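The values are calculated or read from the model by the stated rules, or taken from the named source; none is laboratory data. It should be emphasised that the depicted structure is a prediction, and the values quoted were computed from it without experimental measurement. Glycine gets a Cβ as well: all are built from the backbone with ideal geometry, and neighbour counts include every protein chain shown.
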Amino acid sequence: MHFFQYRGRELYAEDVPVRQLAEKYGTPLYVYSHETLVRHFKAYDDAYATFPHIICYALKANTNGAILNLLAREGAGADIVSGGELFRALKAGIPPEKIVYAGVGKTEDEIRYALRSGVLMFNVESSDELREIDRVAHTMKVKAPIALRINPDIDPRTHPYISTGMREHKFGIAISDALEHYRLAARLRNIEIVGVQKHIGSQITRTAPFVDAVKRILVLVDALKRHRILIRYLDIGGGLGITYQSETPPLPSDIAKRLLPLLRNRDITLVMEPGRSIVGNAGILVTRTLYLKQGEGKTFVIVDAGMNDLMRPSLYDAFHQITPVVKKNRTKIRADVVGPICETGDFLAKGRIIDRVNRGEYLAVMSAGGYGMSMSSTYNSRPKAAEVLVKGKTHALISKRGSYADLVQNEVMPRYVR
């Protein structure tokens, strides 16, 4: 559930009309709901309240500092995939002992940073990476806590670009090779085995893939115990989907009801890495209609938000509901909603039946809180959108709109081109 609802003709973010936000802060504009973020985090925390657990929010979904700070106050940890995300998590007050470090390409500098910071564990994805972490830890005279990311070869039945748990993917270690890799880890002097991790993909809308993957991992945990390798942390990853169109994904409590009986009497702490399911429906992208253009057999609604602001439709052909910020008695049209970027792939919707809008009217692109701003860019030298957080009747900027000066602030002009 989220707190973007119509009251009469006006779309509200909690208790604030979205139109007022657009008029005050300009567009394109990301708007987030404080109450939705808290509600979604607590849905996980409450679902697993009877079992030791750490909810490591996946920063990749949305890295805004105000959102991270809010989640840190609620007790969240962090799932990170870069040194930059580690920096953001620590800056927001997330305790290092609640941070898990994933990703297939950790650099030496990033490994050192994480070891100095005292993260909970590295989720290791290859034998080469395992040896590198051991080498770096040796030079620092410390032991590195690790889990191996195991690929359980479960089909999550999601978009192929966000499916990660099958044997052909770059992520993780094949479950058939897991015991061999754990034996290697046990021989390395500066490695401490503390966990096992799996993550099969994103935007998963069925319970079965989660349950099947955990069952396979638990078989591995029991096999490791027989080899005197004890697991303290079972990291089940994230990936729970949200409603973009007509999906009916399970709730965290639905997953918990299936998983907790499997974990009964096990002396482990459960780690999970939700991202989209916390922030996805907690944010919208507000855009202004610039022009209507009648093409050959179709209408184009040209808006001021483009693929640089919201990449998902262009990258995944993803569906986001698009609705007028102010409803009127309107006729319906079939249109492509497109942005100003100089690319044919710059669209927010194609062939969509929508309410007819006029120039200057605002549209809300729903379910844009996850993988919206975090994947945005300044392509075509377009400054980044502003971000606003609403709590009840109050609202504030949490990221200023980019400027033209921002576009060149890091550039250096060598003498030979002056």
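For this structure, a couple of remarks:
- Residues in region 30-67 that are more than 23 Å from residue 308 (Cβ to Cβ) and either touching a residue at least 12 places away in the same chain (Cβ under 8 Å) or within 17 Å of the chain's Cα centre (by Cα) (or both): 24 in all.
- Just so you know, in region 111-145 the residues that are assigned to a helix (DSSP H, G or I) and of a type in the set (A, V, I, L, M, F, W, C) include one that is farthest from residue 188 (Cα to Cα), and it is 114.
- Looking across region 193-240 at every residue that is β-branched (Val, Ile, Thr) and assigned to a loop (DSSP other than H, G, I, E, B), the one that is nearest to residue 126 (Cα to Cα) is identified as 200.
- Hey, residue 181 part of a loop (DSSP other than H, G, I, E, B), in the same structural domain as residue 267 (by TED's automatic domain parsing) and not basic (Lys, Arg) or not: no
- Count - residues of region 112-137 that are in contact with an Asp or Glu (Cβ under 8 Å, 6 or more places away or on another chain), crowded, with 23+ Cβ neighbours inside 10 Å and among the β-branched types (Val, Ile, Thr): 1
- Subset of region 297-322 [surrounded by 19 or more Cβ atoms within 10 Å (Cβ to Cβ) and part of a strand (DSSP E or B)]: 301, 303, 322
- Residue match in region 264-276 (condition: modelled with pLDDT of 95 or more, exposed (fewer than 13 other Cβ atoms within 10 Å of the Cβ), in the same structural domain as residue 146 (by TED's automatic domain parsing) and not hydroxyl-bearing (Ser, Thr, Tyr)): yes
Per-residue answers, yes or no, for (1) out of contact with any Ser or Thr (no Cβ under 8 Å at 6 or more places or on another chain); (2) at pLDDT 95 or above:
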{"residue": "232", "(1), (2)": "no, yes"}
{"residue": "261", "(1), (2)": "yes, yes"}
{"residue": "283", "(1), (2)": "no, yes"}
{"residue": "295", "(1), (2)": "yes, no"}
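- Filter pass, residue 176 being polar (S, T, N, Q), modelled with pLDDT under 95 and farther than 29 Å from residue 136 by Cα: no
- Residue match in region 232-240 (condition: closer than 19 Å to residue 149 by Cα, without any contact (Cβ under 8 Å) to a residue 12 or more places away in the chain and of a type in the set (D, E, K, R)): no
- Residue count for region 234-257 under the criterion of being on the phi < 0 side of the Ramachandran plot, in contact with a Ser or Thr (Cβ under 8 Å, 6 or more places away or on another chain) and crowded, with 16+ Cβ neighbours inside 10 Å: the result is 11.
- If the condition is being in contact with a His (Cβ under 7 Å, 6 or more places away or on another chain) and not hydroxyl-bearing (Ser, Thr, Tyr), then region 19-58 contributes only 21.
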